[in-house]
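This report concerns only the one structure given below.
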Amino acid sequence: MSPAPRRLPILTLILLAALAACGGPTTSPGRTDPASEAPASASPRATPGPTADASDEPHPSADAAPTLALEPVASGLDAPLDIAWRPSAPDDLFIAEQVGRVQLVRDGAVGDRPVLDIAGLVTAGGERGLLGLAFHPDPEDRRFFVYYTALDGAQVLASYELDANEEDVADPDSGRILLRMEDRFGNHNGGSLTFGPDGFLYVGTGDGGGGGDPLGSGQSLETLLAKVLRLDVDIPADGDDPYGIPEDNPFAGQAGARPEIFHTGLRNPWRIRFDRETDDLWIGDVGQNAWEEIDVARAGASGVDFGWNVMEATHCYEPETGCDPTGLTLPIAEYGHDEGCSVTGGTVYRGPSQAALVGWYVFSDYCSGRVWVTPADGDETREASVALDSGRSVSAIAEDAQGELYATDLSSGELLRFVVAD
């Protein structure tokens, strides 16, 4: 979740200073302290054209792009990083706090006690902490899944169960580790969790940290880092394996490849979400020196390579010029570091209350607080439309059971709701 060393823009410095003063993390969820990475060139990158199979499908004019506003829903959260809902209680929202707690938000108020508190297991601060949260889609299944940085720095995927007699609280003895990924660096930890329309759990992982992918994770099928993983968490409970491998995972059975991998070539996916209408998977991928990007894997696609570290968005990275984009899928949208420094991926709005927003993908930048929208159709790279300059530290964007869209502000500890501005 971090760039190579560079001079941070004034707005970023102001935001970071404010966060430090509040006692919260001193960096964004998508970025680390620039001093912790080795220097890398900030020279302009060559720009190859889109992939040969890029579509020219029409999409709504930018003139039709809605203007958005954020309405406060709840406050009092501590460095919120993710938002989820559970099928058995669709009116509630659950918030992952960086320190290692899951909080319940009901009727605009934060619960009196955490749903889960694993702060004693979590290394929090900077880009580490409790990073992702997802509830099982079956209302009868009490499990939910968390992704966190362990005390030894490893990235952990674990499940917990809500108490059978008190379903607003997790059974602390129900924890089960499904996956551990060793990590040499403190940044680029990924942490995105979501269930797909196929019922499988999708996991977004970072490239393992350092500047410029020194581990070579982005283009390697031998590591789970820099990927979207696809896991079957519904194998028999008495089985020895903590998860199964779906038979149609693209690299299952391939020698030298990890069978969990579903998509590759990502630097640090900060929020992956499915479009509930089309089943497309949208990814906000945090950039390196100069570019942030929004990627999409259309429904039915598997084994997609989004290009890191050959490319940073639509620009050559390694090598700096003359890179070969053949076989790579270029982003739907990108923006430069003159407009922000750490993308927060969102989702496509499909809710009932904001008619002008239906069919638009909403995303933001943590450092600048700017919010963009881009049409959900069409595969060409296009310039997204600015919908709001929020002044917020947007750390997560997600929908509720009805499809309404929410955001968290890491610095203020608020849960907010997107609405179309008058």
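The values are calculated or read from the model by the stated rules, or taken from the named source; none is laboratory data. This is a predicted model, so every value here is computed, not measured. Note that we place each Cβ from the backbone using ideal geometry, even for glycine, and neighbour counts take in every protein chain shown. Ligands, DNA and RNA are excluded from the accessible area calculation, which covers all protein heavy atoms including side chains. Shrake-Rupley method; radii C 1.70, N 1.55, O 1.52, S 1.80 Å.
A few remarks follow.
- For the range 191-231, the relative contact order works out to 41 percent when only alpha carbon pairs closer than 8 Å and six or more residues apart are counted.
- Loop-located GluC sites (Glu not before Pro) in the range 190-262 (DSSP state other than H, G, I, E, B) with a sparse environment of at most 14 neighbouring Cβ atoms within 10 Å: 222, 247.
- Estimated FRET transfer efficiency (residue 140, residue 299; beta-carbon r; R0 35 Å; 0.05): 0.85
- Measuring r between the beta carbons of residue 338 and residue 71 and using R0 = 22 Å, the FRET efficiency lands at 0.15.
- Note on residue 324: accessible area is roughly 100 Å² with a 1.4 Å probe, heavy atoms of protein only.
- Overall shape: prolate for the range 157-281, with the ratio a/c of the largest to smallest alpha carbon gyration tensor axis at 1.5 or above and a/b above b/c.
- With R₀ set to 25 Å, the beta-carbon distance separating residue 402 from residue 112 gives a calculated FRET efficiency near 0.45.
- Loop-located trypsin sites (Lys or Arg not before Pro) in the range 149-231 (DSSP state not H, G, I, E or B) with no more than 15 neighbouring Cβ atoms inside 10 Å: 184.
- Note on residue 179: accessible area approximately 10 square angstrom, rounded to 10, probe 1.4 Å, nucleic acids and ligands left out.
- Taking all protein chains together and a 1.4 Å probe, the residues 232, 240 rank 240, 232 from largest to smallest accessible area.
- Inter-label distance for residue 88 and residue 355, nm, one decimal - labels placed 7 Å from Cα along Cα-to-Cβ: 3.8 nm
- Taking label positions 7 Å along the Cα-Cβ direction at both residue 151 and residue 320, the computed distance is 4.5 nm, reported to one decimal.
- Residue 118 - accessible surface, heavy atoms, 1.4 Å probe, Å² rounded to 10: 10 Å²
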